[in-house]
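Let me begin by presenting the structure, written as structure tokens, before commenting on it.
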Amino acid sequence: MSHDATGRPIEILLVEDNPGDVRLTIEALKEGKVRNSLSVARDGVEALAFLRREGAFANAARPDLILLDLNLPRKDGREVLAEIKEDASLRRIPVVVLTTSKAEEDILRTYDLHANCYISKPVDLEQFISVVRSIDDFWLSVVRLPSKPEAP
């Protein structure tokens, strides 16, 4: 199980509207023998409510890492990314853009919005699982994540 410096499990927020990709991501994390706490937001509005602990998400855990799709209903991933990085209480949470888009304009725009990395989702099942495991290995084993601020 991946843990932070305090020994608690790493919290991941997956922002993804495709149920198949949600299932694959969960499966890839399980197969990698990693038992992080994974929450899922199905669109951009839900993701921001989760991050701001609004309404039904009042008791949501603050994520250590966000996996963000760009093509989302209600509020797209670019807007979500911009709002995260403009919010002083959220901007230090690493955001990994994980999307089907390979468009250069999307890559440039998300880095301009301060995404921490951009990954195009492979179409092949095994490659997708490999990518998710690589994200987990790198962001949760190699990288040192910032400490969480104290709860109010």
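The table that follows gives values for the structure above.
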| quantity | calculated |
| --- | --- |
| Of all residues in the range 81-109 being of a type in the set (Ser, Thr, Tyr), under 26 Å from ASN36 (Cα atoms) and in a loop (DSSP other than H, G, I, E, B), the one that is modelled with the highest pLDDT | SER89 |
| Any chance ARG78 is surrounded by 13 or more Cβ atoms within 10 Å (Cβ to Cβ), in a helix (DSSP H, G or I) and touching a residue at least 12 places away in the same chain (Cβ under 8 Å) | yes |
| Single unsatisfied condition, ARG62 versus (1) part of a loop (DSSP other than H, G, I, E, B); (2) crowded, with 16+ Cβ neighbours inside 10 Å; (3) basic (Lys, Arg) | (2) |
| Out of ASP4, ASP43, sole residue that is surrounded by fewer than 22 Cβ atoms within 10 Å (Cβ to Cβ) and modelled with pLDDT of 95 or more | ASP43 |
| LEU29 being assigned to a helix (DSSP H, G or I), modelled with pLDDT under 95, within 25 Å of ARG144 (Cα to Cα) and touching an Asp or Glu at 6+ places or on another chain (Cβ under 7 Å) | yes |
| Count of residues meeting criterion [free of Cβ contacts under 8 Å to residues at least 24 places away in the same chain and within 14 Å of the chain's Cα centre (by Cα)] in the range 13-29 | 2 |
| Selected residue (criterion: modelled with the lowest pLDDT) from residues of the range 112-150 that are closer than 14 Å to LEU14 by Cβ and in contact with a Pro (Cβ under 8 Å, 6 or more places away or on another chain) | TRP139 |
| Selected residue (criterion: nearest to the chain's Cα centre (by Cα)) from residues of the range 110-129 that are part of a helix (DSSP H, G or I) and surrounded by fewer than 17 Cβ atoms within 10 Å (Cβ to Cβ) | TYR111 |
| So ALA103, is it more than 18 Å from ASP69 (Cβ to Cβ) and surrounded by fewer than 16 Cβ atoms within 10 Å (Cβ to Cβ) | no |
| The range 121-146 residues that are more than 16 Å from LEU98 (Cα to Cα), paired with ones that are of a type in the set (Phe, Trp, Tyr) (beta carbon under 9 Å, 6 or more apart) | LEU145/TRP139 |
| Flag for ARG23 being modelled with pLDDT of 95 or more and among the basic types (Lys, Arg) | no |
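Condition check ((1) surrounded by 14 or more Cβ atoms within 10 Å (Cβ to Cβ); (2) under 13 Å from the mean Cα position of the chain (by Cα); (3) without any contact (Cβ under 8 Å) to a residue 40 or more places away in the chain) across all residues:
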residue	(1), (2), (3)
ASP69	yes, yes, no
SER89	no, no, no
VAL95	yes, yes, yes
ILE107	yes, no, yes
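The values are calculated or read from the model by the stated rules, or taken from the named source; none is laboratory data. Predicted model only: the values in this text are computed from it and were never measured. Neighbour counts are summed over all protein chains in view; Cβ atoms, including those assigned to glycine, are modelled from backbone coordinates with ideal geometry.
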